[in-house]
Amino acid sequence: MSGTTVNGESDAIVARLEDNVNRLKRESGGSSDIKIRELQIGLPGKKQVHAAIVSMEGLSDTHDLVRSLLEYGKTAARETADGEFSLPDYLMQFVIADSNVWKVSDFVELYDHLFAGNGILLLEGETVALCVSTQKINARQVEEPNVQSVVRGPREGFTEVLSWNMSMLRRKIRDRRLWAEPRKIGRVTQTNVLIVYLDGIVSMEVLEELRRRLDKIDIDGILESNYIEESIQDSQFSIFPTVSNSERPDVIAAQLLEGRVAILVDGTPFALVVPALFAQMFQSPEDYYQRSMFSSLIRMIRMLSFILAVFTPSLYIAVTTYHQELLPTILLYNLASQREGVPFPAFVEALIMEVTFEILREASVRMPRTIGQSISIVGTLVIGQASVEAGLVTAAMVIVVSITAIANFVMPAFNIGIAARMIRFVFMMIAASFGLFGLFLGMIVLVLRLCALRSFGVPYMSPLAPFIQSDQKDTLWRMPIPFMKKRPENVAKRNVIRQK
Amino acid sequence: MRLRRVLPVMLSMILLVPLAGCWDRQELNEMSIVAGLGIDRVGDAYHISVQIVNPAEVSPKSSYGSKLAPVVTLEQDGKTLPDALGRLTVLTPRRLQFSHLRMVVFGESTAREGLRKPLDYLSRYAEMRNDFFLVVAKNRRASDILKMYSSMDPIPANNLFTKLRNSDEQWAATSKMTLNELLIATETEGMSAFMTGIEIVGDPGNANEKNHQEISPSSNLEYSGTAIFKRDRMVGWLDENGTKALNYVHDSIKWTVGYLGCPDKGRASVELFNIHSKIKIRGKSKGDLAVHVYLTMEQDISDVECDLDMMNEATMKWFDRQTDAKVRRIVQNTVANTKKNLRIDVFGFGQQVHRQHPKIWHRIKDWNATYLDVPVHVHVRTNTRRIGTTQQPVTRQTEKGE
């Protein structure tokens, strides 16, 4: 923590107020958002004491602090037992009205408090400074989540403020067993991170592993939870995510109740959850807010969509270029007639359309909202219709790519959708060079890879592989809530009884 | 250790290239889909004709406009079938793709010379599926059949395929034959192969490009009769009733219609369904074998043009007996005719002898010769199920109303 000192100076706060103030100014490069308010505090029976309040503009509101100090000066004639206390203690005990006051004696801590938005009271002749909780939070209000939206269910999403996020969780789980372990990660950004879990339910192995991995992180800055995700994930080069994220407090609360561990990061509305399993990626919070028959059906459709998103183009390429005999005769005539005059092989055709779609998709995410209309017109009309009419691409291929694209966005977990997009291209190449035979070998390799993955020690494909009977109630389908008496056994290894 | 884990993976990756590599990749627009194949034998050479699809002309939204024919039939000679197909490459713009072959047509003279040789190629060629139908062109060369336009389906071979499939289901006088069935029938002692015949009706000389735009086609392809084979050699034709009899005995009729003569003038029509046959061979030795064919069927009365009291149970019995008698007559006439004219067992009773009396079978040298002396008894049992949505015949109703 010596990074905050300059020239090997001692970190200690010195008695001379002026020296302290000058040092502050010097070390912060005279940043204009550091406000220093100097004032005289009148004390009973003593001469006035010179003091300075240091605070960050916009992060803190020191109005109350200043007033209580000045008010005190005016009524200083009152007799008190001031002799028993040192000046800082006296102020802490009797004067400052704010909820939290810390006494610090070195600049390292002082800076921590200062940049967290606390007001710093420096006193002439004292080697301690008082840090007063004057934080003022200027942040986005709680809004409806943008990414993981539901038809029925809570409408609140996490914000960028860690304490608010934690309070949303606390409001959902009012139990002393909801524990939040604070961490500070990032040498420069000093980002607050909370490890949140339900004591007594959480798997200790996962928790220990998480603590170990978090402690290993030595990075200058954490700006988003992905900085942490990438630092703690099991396999750096796996296409499949082994850490899941959510911007919904209800999702995180549900995951905590299942025995998972959440990681809240200050400055981002996305909280991380470990362990993250493959089956979990297909579970939307809405699965639990709609009746189970419907949820089960929709969940199966999601899994079908995943398969479609990964395999449709490759299957189309394989069948039309290697295995024409597999097509019904009339369909073959139809496809063959569409392909008349198309100058590219099916694979190149598919690649052109897929890449075009990816470009369109990326453009629609990045472009300014106001010109969104023009992109969609160009995308649908020009790319879709005109390319078919020009005979560059077959209509069947446009349909295949569209199905793939739509199926891709069905995934409730955005990151599994990204995984599907990437392996799709791999499978297209395999299909183009090896046909169905290669495609099936590729599928085998994919399944083997998925089965070999682990997220914090939990097999990625569980409860399917290894098969866990009791967890099947909430994997491929969801049983009605009264039937779900146990927590997932692959995650919550102890205390699995959910309801009796 | 690590190598031992990685090596199998590497090896299977390398194996992918020769096993499934790009070498047999074929784009849809780089191949010609063969829909029909005609095989004729001219002298000691084969004359083959292939009907290939022109996909651009088949599509519902053709951007080229229907200026070209939807199919092209190309012909070539060769000493063997593969030889002829090889020579065909000088005529075809693209590689021929046989996996979607719908029809194989044999010329009648070719069929009479024997099909064993061409069948070998058809069954050996891996690219061909075996779900196409085989037919014999009556009094014609197969190539003539494949040169005909079809009026409904742009692809004539496809038209023939669906035509045969439909009439096989709904009409007793046609029967489809696939490659596997044919091979089994030709190679099995005591069975006879048969194939539906196809003929050109109308004036084939008019089969020019105008034909497919006519509302009433001046020429068309029609299935008629059945070619009967002794081994792989065609020996003769069965007429419509003969084909019906064949199908009755082979238990291959789903549904058919027939008519009966009334006691007075006029006719009544019946729909027959649920038709099942059972063949029993009775006898203790080669000398006293007798074939019993048991046919059970149900009928609905679909049309009554005569004066019958339909509310009387005796009338129903009468219908039952009439159908019994008619079907029996059809089968027995065919048995007698084929015994007399073709002198072979077209029904495959021999196979039943083999199955039911293997000991006797092994003492029989020439089944076809033995068969000529074996009596065939036909037992038919018909049940009338429904008489339709009206009760008395309309003739009766109107007479009473007057």
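The values are calculated or read from the model by the stated rules, or taken from the named source; none is laboratory data. All of these numbers come straight from a predicted model, not from anything done at the bench. Here Cβ is always computed from backbone atoms with ideal geometry, including for glycine, and neighbour counts include all displayed protein chains. Only protein heavy atoms, including side chains, enter the accessible area calculation; ligands, DNA and RNA are left aside. Shrake-Rupley method; radii C 1.70, N 1.55, O 1.52, S 1.80 Å.
Yes or no, residue by residue, for (1) open to solvent by 10 Å² or more (accessible area, probe 1.4 Å); (2) without any contact (Cβ under 8 Å) to a residue 40 or more places away in the chain; (3) more than 18 Å from the chain's Cα centre (by Cα):
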position: A:Ile252; (1), (2), (3): no, no, no
position: A:Leu264; (1), (2), (3): no, no, no
position: A:Arg299; (1), (2), (3): no, no, yes
position: A:Ile317; (1), (2), (3): no, no, yes
position: A:Gln338; (1), (2), (3): yes, no, yes
Exercise for review: Considering (1) more than 30 Å from A:Val365 (Cβ to Cβ); (2) free of Cβ contacts under 8 Å to residues at least 60 places away in the same chain; (3) hydrophobic (A, V, I, L, M, F, W, C), say which one A:Val142 fails and leave the rest.
Suggested key: (1)
Exercise for review: Please state which of the following conditions B:Pro217 fails to meet, knowing it meets all the rest: (1) modelled with pLDDT under 85; (2) open to solvent by 50 Å² or more (accessible area, probe 1.4 Å).
Suggested key: (2)
Review point. Is it fair to say A:Ile444 is of a type outside the set (Gly, Ala, Ser), free of Cβ contacts under 8 Å to residues at least 60 places away in the same chain and more than 14 Å from every other protein chain (Cβ to nearest Cβ)?
Key: no
Check your understanding: Mind checking whether some residue in segment A:469-480 is under 24 Å from A:Ile298 (Cα atoms), open to solvent by less than 50 Å² (accessible area, probe 1.4 Å) and assigned by TED's automatic domain parsing to the domain that holds A:Arg302?
Key -> no
Revision key, fill the gap. Within segment A:57-79, of all residues that are at pLDDT 75 or above, open to solvent by 10 Å² or more (accessible area, probe 1.4 Å) and not charged (D, E, K, R), the one farthest from the chain's Cα centre (by Cα) is A:Leu70
Exercise for review: Filter segment A:448-463 for residues that are open to solvent by 30 Å² or more (accessible area, probe 1.4 Å), away from every other protein chain (no Cβ under 14 Å) and either in contact with a Gly (Cβ under 7 Å, 6 or more places away or on another chain) or assigned to a helix (DSSP H, G or I) (or both) and give the result.
Suggested key: A:Cys451
Check your understanding: Within segment A:184-197, is even one residue in a helix (DSSP H, G or I) and in contact with a strand residue (DSSP E or B) (Cβ under 7 Å, 6 or more places away or on another chain)?
Key -> no
Exercise for review: Mind listing whichever residues of segment B:350-396 are polar (S, T, N, Q) and open to solvent by 90 Å² or more (accessible area, probe 1.4 Å)?
Suggested key: B:Thr389, B:Gln391
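So that you can scan it fast, the table gives a plain yes or no per residue for (1) open to solvent by 50 Å² or more (accessible area, probe 1.4 Å); (2) free of Cβ contacts under 8 Å to residues at least 12 places away in the same chain; (3) of a type in the set (Ser, Thr, Tyr):
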position: A:Met303; (1), (2), (3): no, no, no
position: A:Pro313; (1), (2), (3): no, no, no
position: A:Glu325; (1), (2), (3): yes, yes, no
position: A:Thr329; (1), (2), (3): no, yes, yes
position: A:Tyr333; (1), (2), (3): no, yes, yes
position: A:Gly341; (1), (2), (3): yes, no, no
position: A:Pro345; (1), (2), (3): no, no, no
position: A:Val355; (1), (2), (3): yes, yes, no
position: A:Glu362; (1), (2), (3): yes, yes, no
Practice item. Scan segment A:428-435 and give yes if some residue there is at pLDDT 90 or above, touching a Leu at 6+ places or on another chain (Cβ under 8 Å), open to solvent by 30 Å² or more (accessible area, probe 1.4 Å) and more than 21 Å from A:Ser284 (Cβ to Cβ), otherwise no. Key: yes
Exercise for review: Quickly run through segment A:436-447 and pick out the residues that are under 30 Å from the mean Cα position of the chain (by Cα) and open to solvent by less than 50 Å² (accessible area, probe 1.4 Å).
Suggested key: A:Leu446
Check your understanding: Does A:Leu392 meet the test of being in a loop (DSSP other than H, G, I, E, B), open to solvent by 60 Å² or more (accessible area, probe 1.4 Å) and under 30 Å from B:Val34 (Cβ atoms)?
Key -> yes
Practice item. Identify the single condition in (1) modelled with pLDDT of 85 or more; (2) surrounded by fewer than 16 Cβ atoms within 10 Å (Cβ to Cβ) that B:Gly38 does not satisfy, given that it satisfies every other one. Key: (2)
Check your understanding: Do you know which residues across segment B:315-349 are within 21 Å of B:Thr188 (Cβ to Cβ), open to solvent by less than 80 Å² (accessible area, probe 1.4 Å) and not β-branched (Val, Ile, Thr)?
Key -> B:Lys339, B:Leu342, B:Asp345, B:Phe347, B:Gly348, B:Phe349
Check your understanding: When segment A:125-165 is examined, which residues are found to be closer than 18 Å to A:Thr62 by Cβ, in a loop (DSSP other than H, G, I, E, B) and open to solvent by 50 Å² or more (accessible area, probe 1.4 Å)?
Key -> A:Lys136, A:Ile137, A:Asn138
Review point. Which ones in segment B:73-84 are open to solvent by 40 Å² or more (accessible area, probe 1.4 Å) and of a type outside the set (D, E, K, R)?
Key: B:Gln76, B:Thr80, B:Pro82
